[in-house]
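The values are calculated or read from the model by the stated rules, or taken from the named source; none is laboratory data. Small disclaimer: the values here were computed from a predicted structure and weren't measured. Positions of Cβ are generated from backbone atoms using ideal geometry, with glycine treated the same way; all protein chains shown enter the neighbour counts. The accessibility values were calculated without ligands, DNA or RNA, using every heavy atom of the protein model including side chains. Shrake-Rupley method; radii C 1.70, N 1.55, O 1.52, S 1.80 Å.
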Protein chains: 2
Amino acid sequence: MKKGFHLPSFKFSGIPAGIKKDGKKDLALIYSTVLAQVAGAFTTNRVKGASVLLDQKRLRRNRCQAIIINSGNANAGTGKQGIKDAARMAREIASLLQIDERLVMVASTGVIGRPLPLNRIIKALPRLAGSLSPDTIRQAAEAIMTTDTFSKICYRKSRIGGEEITLGGIAKGAGMIQPRMATMLAFLLTDAAIEGRSLKSAFRDGVESTFNRITVDGDMSTNDTGLLLANGAAGNRMIAPGTRDLKRFQALLKEVMAELAEAIIRDGEGSTKFVQILVKQARSQADARAIAFKVANSPLVKTALFGEDPNWGRILAAAGSAGASLNPEKIDIYFDNLPLVRRGTSSGEEMEKKAARVLKNKQLQITIDLNLGKAEAKVSTCDLTPDYIKINAAYRT
Amino acid sequence: MKKGFHLPSFKFSGIPAGIKKDGKKDLALIYSTVLAQVAGAFTTNRVKGASVLLDQKRLRRNRCQAIIINSGNANAGTGKQGIKDAARMAREIASLLQIDERLVMVASTGVIGRPLPLNRIIKALPRLAGSLSPDTIRQAAEAIMTTDTFSKICYRKSRIGGEEITLGGIAKGAGMIQPRMATMLAFLLTDAAIEGRSLKSAFRDGVESTFNRITVDGDMSTNDTGLLLANGAAGNRMIAPGTRDLKRFQALLKEVMAELAEAIIRDGEGSTKFVQILVKQARSQADARAIAFKVANSPLVKTALFGEDPNWGRILAAAGSAGASLNPEKIDIYFDNLPLVRRGTSSGEEMEKKAARVLKNKQLQITIDLNLGKAEAKVSTCDLTPDYIKINAAYRT
């Protein structure tokens with residue numbers, strides 16, 4: 001991640017508006033100087049924040065020029081008034097930007113169930129619009145944070161369709177993280193010109209293999225929102241379906257999204273370790289995914305990781321409870337490259353000692369080889385620590 | 001729970017055999033002086049401990065006279081040797097008791113993946129058999145504990161079929177508790193005479209509404225075992241299908257099982273609160289159960305309970321992610337009798353302050369009224385605390 005990079009034809013701002021009690025930045029604006037195409041992905045929680053409900057409607061028009069985001073308040077569990085408040089936020093900023101209000105998307109994150117402090121937000125909007133600049137993506141990334149300890153920004157450049165294009169994004173995470181459609185909040189931006197369906201399919205694929213493969217605590221947010229804006233300012237040959245250009249764009253997008261998704265896990269609430277769970281040779285993708293998530297979300301596996309105890313029995317127990325096909329007598333488990341378990345039983349004390357040393361690292365991969373079929377899935381997660389509890393026991397106070 | 005009660009025609013012992021490092025009791029024996037009928041329920045984890053595999057086979061004969069249980073080692077993830085070890089334990093104690101080895105059930109609980117210290121166990125068996133007594137159920141209850149902080153014993157007497165019958169049981173829990181067929185370990189004993197199919201159906205019903213409705217951490221054990229022995233020593237008229245006697249027996253059984261299940265949650269690892277989640281007016285039983293468990297297992301709900309924060313937004317978010325039918329705008333949430341949420345939104349700050357006071361209690365009920373249908377389900381759980389993490393980060397060390 002690099003400081004202060006430029007994303008041609010996009011402008012940013014992030015300011016404190018008094019939504020958070022501690023005076024930190026809590027209002028962000030992303031503005032495309034030209035009309036952009038948009039793809040989106042949202043939480044599949046049946047309880048959805050007002051901003052999600054609004055965006056889902058607006059996304060049908062496939063066009064977007066600005067995203068306004070507040071942190072400190074999720075505007076969820078706020079009923080019809082919440083929807084009105086979200087629409088009002090969009091309308092007021094559209095008027096300041098002199099664009100159609102339906103081109104504004106809204107995202108909110110923070111405490112659930114409290115009314116949005118709309119007056120404070122509206123009062124801050126002229127300052128928000130006034131401080132838009134191509135150089136201030138970091139301010140926007142900071143303004144969308146809640147319990148995050150660092151801001152998450154990523155970008156790449158590539159030559160596609162005869163021009164250099166830039167693709168970048170910002171995200172936030174920390175807790176209530178097991179997205180099913182997108183992460184808590186992620187905004188991807190590119191100056192590439194790309195055909196509409198290609199943009200949507202590239203985004204859907206990217207979400208599935210990156211943001212939908214991470215978990216901090218298995219809790220799904222009401223406000224998960226992922227948006228990808230492509231405004232074509234790079235002047236490249238339009239990226240069309242079935243072309244090599246699209247393949248390159250997809251690869252680029254996946255790279256950026258994977259980096260942001262990884263940053264979210266590295267910043268998981270209270271976490272001390274970044275752990276990848278790879279399930280191999282499963283009978284089906286669904287099986288591999290179910291086992292990987294079950295292991296990644298097991299409080300007993302996560303506390304053992306925190307305790308640096310290579311307690312593979314808990315991994316085996318979690319895998320067995322995922323409701324997926326497996327044969328305990330065929331399972332191998334590796335900690336990085338160490339074969340800790342062979343055919344369902346311990347490789348011995350010497351190996352456990354080596355595994356305990358691997359566990360002292362900040363990052364490791366646990367591979368569960370089912371030796372059954374050909375499917376695999378990888379999920380990224382973190383450990384469960386006393387700090388997670390402290391952060392979440394006191395979140396609203 | 002009462003100390004040193006008698007369960008006519010059953011004898012007990014519990015001794016230290018050196019399986020646990022700290023010298024605490026770790027080997028228990030339950031012996032029926034006459035042949036008993038048996039019903040059983042086991043973990044549905046695909047990875048099963050050796051004792052579960054052995055018992056499942058033996059249960060087909062419907063007869064049992066002794067149960068030998070060790071704590072400190074789950075004898076799971078131990079392959080074929082594990083099965084041999086479990087069978088050997090049963091054979092040796094059968095020989096000392098002079099009964100058919102197939103009448104002995106085995107249960108193990110503790111660390112997964114380490115070979116059973118068979119020599120130490122066999123050496124201790126004469127002492128175990130020698131100390132059998134009608135008065136020592138407490139010793140047996142203590143010997144099956146792992147991280148439990150108190151032993152769990154319950155019994156009731158009732159007049160059924162013309163005689164006074166006694167029904168009692170012991171259980172252990174603490175962590176890796178979200179049974180799908182039975183709790184970690186529970187042994188129910190009665191001197192009632194009861195027809196075989198009636199015994200099985202009464203047990204199945206009891207398990208479903210008690211042990212299958214509790215969760216500490218959402219982790220399912222490899223060794224969950226529930227056994228119910230009925231030896232007929234009370235001399236009552238045989239309890240037969242379709243009779244009032246059976247209804248009374250079922251009610252009695254459910255009472256005892258519910259008390260043991262509740263004791264397991266009250267002793268949940270590191271817990272400070274006993275919390276019941278009642279989901280009402282759901283469209284189906286499956287929906288009610290899914291939402292109740294999702295809320296009960298949400299780390300964010302559990303940490304808020306520990307923090308005594310009436311953060312109903314997290315309850316709403318967890319409910320919405322359960323994959324069950326719900327309409328956010330119809331949901332009411334109560335803390336005990338306080339209507340904290342009406343139609344999906346806050347009842348106001350005053351009510352939240354009252355709810356914060358309710359949360360200071362050691363016990364509370366959270367009612368989620370979906371206002372959709374007629375089904376309901378209640379799940380018991382506890383909060384998630386730094387002590388849970390401490391216990392489980394250091395469990396094997």
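What the table shows:
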quantity: Peptides ranked, highest mean first, by Cβ atoms within 10 Å: ranges B:338-348, A:297-307, B:25-35, B:283-293; calculated: A:297-307, B:25-35, B:283-293, B:338-348
quantity: Label spacing, shortest first and in nm, from B:Gln81 to its equivalents in the remaining copies (7 angstrom along Cα→Cβ); calculated: 6.7
quantity: Angle in degrees between helix B:349-358 and the longest Cα principal axis of chain B, rounded to the nearest 10; calculated: 20
quantity: Solvent-accessible area, 1.4 Å probe, carbon plus sulfur percent, for the range B:229-347; calculated: 47
quantity: Karplus 3J(HN,Hα) series, Hz, for the range A:188-196 with 6.51 cos²θ - 1.76 cosθ + 1.60 (x for Gly, Pro); calculated: 10, 9, 8, 8, 5, 8, 8, 5, x
quantity: Compactness index (Cα Rg / 2.2 N^0.38 Å), the range A:10-266; calculated: 0.92
quantity: Beta bridge orientation in the range A:10-266: antiparallel %, DSSP, nearest 5; calculated: 70
quantity: For the axis carrying chain A to chain B: nearest C-beta residue of A, whole Å; calculated: A:Pro386, 2
quantity: Dimensionless Rg ratio for the range A:242-357, taking C-alpha atoms and the 2.2 N^0.38 Å reference; calculated: 1.25
quantity: Chain A, relative contact order [Cα under 8 Å, separation at least 6], %; calculated: 17
quantity: Rounded D (µm²/s) - the range A:1-111, Kirkwood Rh over Cα pairs, Stokes-Einstein at 20 °C, 1.002 mPa s; calculated: 146
quantity: Cα long-axis angle, helix A:118-130 against chain A (0 to 90 degrees, to the nearest 10); calculated: 80
quantity: Cα centroid separation, the range B:39-62 to the range A:72-110 (Å); calculated: 57
quantity: Where N is the number of residues in the protein assembly as shown, Cα Rg divided by 2.2 N^0.38 Å; calculated: 1.04
quantity: Protein-only accessible surface order, largest first, of A:Arg46, B:Arg197 at 1.4 Å; calculated: B:Arg197, A:Arg46
quantity: Positive minus negative residues near A:Leu103 (Lys, Arg vs Asp, Glu; Cβ under 10 Å); calculated: +2
quantity: Per-residue average of Cβ from other chains inside 10 Å of B:382-393; calculated: 6
quantity: Residue-averaged beta-carbon neighbours from other chains (10 angstrom radius) around B:36-44; calculated: 1
quantity: For A:Ala356, inter-copy label distances in nm, listed shortest first [label point 7 Å out on the Cα-Cβ vector]; calculated: 4.5
quantity: Label 7 Å beyond Cα on the Cβ vector: B:Arg204 copy-to-copy distances, nm; calculated: 4.3
quantity: Rel. contact order, % - alpha carbon contacts under 8 angstrom, at least six apart, the range A:274-393; calculated: 46
quantity: Residue-averaged [θ]222 nm for chain A, counting only DSSP H segments that reach four residues, each worth -39500 (n - 2.57); calculated: -10500 deg cm²/dmol
quantity: Cut-off 15 Å between beta-carbons: net charge of the residues surrounding A:Gln281, Lys and Arg +1, Asp and Glu -1; calculated: +3
quantity: Per-residue average of Cβ from other chains inside 10 Å of A:300-308; calculated: 6
quantity: Virtual spin-label span in nm between A:Ser209 and A:Lys24, 7 Å along Cα→Cβ; calculated: 3.3
quantity: The range B:301-397 - Rg (one decimal) and Dmax (whole number), Cα, Å; calculated: 15.1, 49
quantity: Share antiparallel - DSSP beta bridges, the protein assembly as shown, percent rounded to 5; calculated: 70
quantity: For the range B:205-220, 3J(HN,Hα) per residue [Karplus equation, 6.51 cos²θ - 1.76 cosθ + 1.60, θ = phi - 60°, Hz, x = Gly/Pro]; calculated: 4, x, 4, 4, 9, 10, 5, 7, 10, 10, 8, 9, 9, x, 8, 9
quantity: Under-5 Å amide H pairs with A:Ser284, H placed in peptide plane, nonlocal only; calculated: A:Ala375
